[in-house]
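A.B. asks: What follows is a single structure, and I will ask about it in a moment.
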Amino acid sequence: MKILTVVGNRPQFIKAAAVSGPLREEHEEVLVHTGQHYDDSLSKVFFTELGLARPDRELGIGGGSNESQTTRMLGALEDLMPEVAPDAVLVYGDTNSTLAGAQAGKHAGVPVVHIEAGMRSFDLTMPEERNRIATDQLSDLLLCSSSTAAGNLHNEGISGKVEVVGDVMVDVALRWQPAARERTADLAENLGVQPGEYLLVTSHRAGNVDDPARLAELMDLLQALPAPVVFPVHPRTRARLQAMGSWEQLTGMDGMHVTEPLGYAEFTSLLCGARAMLTDSGGVQKEAYLAGVPCVTLRANTEWVETVQSGWNTLVDLDAQAALAALERQVPAERPPLYGDGHAAERCVEAIGSLGAAKDGSG
């Protein structure tokens, strides 16, 4: 089979790094990078260090509103479909690239495969939630990270085939964590912090950084955190802080260690050595769980509900006092394997192969 895979941002590069290798052992893959993350620190470095094959096509579509970006991606992918003539379209997660890929496949009459299907935060104000729901409705094969996700799809009456395969990011974490932990002490020393003593922070969600009032709340929360704090700043967040005149305030905070965005290996090393993780990223919540690091999520809801139920993740929105209280919580004694055994990519490839078998059988 020929599979057209659409990726565009950091979490998708990581997921594709798990699936692309085994997929190419059995099928032909055409990898398309939409350009949703066009900064090298958020894009190129992940291909390089994760060993993901260079994209066969780069669309270079970044910036603009969610609607504008998705529309432009869809147009470019629709133009590409006759040339590639894929047997299936593969998409990951919940981004504009995900939805555009699913729409292009559906318009072309090509089966759509969605990895990480069924995740729900039940917050329709989030573009990611709207993208997830629409993509699942368009998909023919829905591959889920957990039984909770599969249950969401069944409750919604989704017509496509639903399978629980586990989470492909577990595959990547198990592969990378041993080497990452060996580098933690050196990276921490370079930043002037000690493993086990610092907080690691990321924040880039539009809902937190695009609204000046919310961004001011974020700054108050950061100011309240006990030092030391390591904060790799997303380009979007840096731009919003500079526009608001708050960049110098951030970099001048006592014990605040601001860095450029980090590649997967460096970020994982620092995450493994952190006292706790504070983030508004969905993927990083899960990465923290896999690393055994308590997470404080700077949102009012999450799609990774299992991490909250297990006691490893606390939702605080931008409430500084709630964040400080969460940091004092005792770490749970147990950390069950919520998202599989590290063989999710193999199950994904097997499930994708079943599409070809079904097509051959019907012919």
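A.B. asks: List pairs: first in region 211-230 and touching a residue at least 40 places away in the same chain (Cβ under 8 Å), second polar (S, T, N, Q) and in a loop (DSSP other than H, G, I, E, B), Cβ under 9 Å, 6+ apart or cross-chain?
C.D. replies: Cβ pairs passing all conditions: Leu218/Ser203.
A.B. asks: Out of all the residues in region 221-235, which are touching a helix residue (DSSP H, G or I) at 6+ places or on another chain (Cβ under 6 Å) and open to solvent by 10 Å² or more (accessible area, probe 1.4 Å)?
C.D. replies: Within region 221-235, just Ala224 meets the criteria.
A.B. asks: Also, quick follow-up: Check whether at least one residue in region 200-210 is closer than 30 Å to Gln321 by Cα, modelled with pLDDT of 95 or more, more than 21 Å from the chain's Cα centre (by Cα) and of a type outside the set (S, T, N, Q), and report yes or no.
C.D. replies: no
A.B. asks: Let me ask something else. Hey, among Gln103, Gln12, which residue is polar (S, T, N, Q), out of contact with any Pro (no Cβ under 8 Å at 6 or more places or on another chain) and either at pLDDT below 95 or under 19 Å from His204 (Cα atoms) (or both)?
C.D. replies: Gln12
A.B. asks: Please tell me if Val168 is in contact (Cβ under 8 Å) with a residue 24 or more places away in the chain and open to solvent by less than 10 Å² (accessible area, probe 1.4 Å).
C.D. replies: When the stated conditions are applied, Val168 passes them.
A.B. asks: If we keep just the residues of region 124-157 that are open to solvent by 30 Å² or more (accessible area, probe 1.4 Å) and in contact (Cβ under 8 Å) with a residue 40 or more places away in the chain, which is farthest from the chain's Cα centre (by Cα)?
C.D. replies: So the residue we want is Asp140.
A.B. asks: Consider Gly35 against the criteria (1) at pLDDT below 95; (2) in contact with a helix residue (DSSP H, G or I) (Cβ under 7 Å, 6 or more places away or on another chain); (3) buried (at least 19 other Cβ atoms within 10 Å of the Cβ): it satisfies all of them except one. Which criterion is unmet?
C.D. replies: So the condition that Gly35 fails would be (2).
A.B. asks: Can you say whether Ala188 is in a helix (DSSP H, G or I), open to solvent by 20 Å² or more (accessible area, probe 1.4 Å) and not hydroxyl-bearing (Ser, Thr, Tyr), as far as the supplied structure shows?
C.D. replies: no
A.B. asks: Among the residues of region 213-240, how many are modelled with pLDDT of 95 or more and assigned to a helix (DSSP H, G or I)?
C.D. replies: Number satisfying all stated conditions: 16.
A.B. asks: Looking at (1) over 23 Å from the mean Cα position of the chain (by Cα); (2) on the phi > 0 side of the Ramachandran plot, can you tell me which one Gly166 breaks?
C.D. replies: Result: Gly166 passes all but (1).
A.B. asks: A follow-up question, please. Taking the residues in region 191-207 that are among the aliphatic types (A, V, I, L, M) and part of a helix (DSSP H, G or I) as candidates, determine which candidate is surrounded by the most Cβ atoms within 10 Å (Cβ to Cβ).
C.D. replies: For region 191-207, the residue satisfying everything is Ala206.
A.B. asks: With the condition being closer than 21 Å to His33 by Cα, I'd like the strands (runs of 3 or more DSSP E) fully within region 80-185 carrying at least 2 qualifying residues.
C.D. replies: Filter on region 80-185 gives 88-92, 112-117.
A.B. asks: Kindly check whether there is at least one residue in region 340-347 that is out of contact with any His (no Cβ under 7 Å at 6 or more places or on another chain), assigned to a strand (DSSP E or B) and surrounded by fewer than 19 Cβ atoms within 10 Å (Cβ to Cβ).
C.D. replies: Among the residues of region 340-347, not one is out of contact with any His (no Cβ under 7 Å at 6 or more places or on another chain), assigned to a strand (DSSP E or B) and surrounded by fewer than 19 Cβ atoms within 10 Å (Cβ to Cβ), which makes the answer no.
A.B. asks: While we're on this one: Restrict the check to region 354-363 and report whether at least one residue is more than 17 Å from the chain's Cα centre (by Cα) and crowded, with 16+ Cβ neighbours inside 10 Å.
C.D. replies: Taking every residue of region 354-363 in turn, at least one turns out to be more than 17 Å from the chain's Cα centre (by Cα) and crowded, with 16+ Cβ neighbours inside 10 Å.
The values are calculated or read from the model by the stated rules, or taken from the named source; none is laboratory data. Quantities reported herein were computed from a predicted structural model and do not represent experimental measurements. As a convention, Cβ positions derive from the backbone with ideal geometry for all residues, glycine included, and neighbour counts pool all protein chains shown. Areas reflect the complete protein model, heavy atoms only, side chains present, ligands, DNA and RNA absent. Shrake-Rupley method; radii C 1.70, N 1.55, O 1.52, S 1.80 Å.
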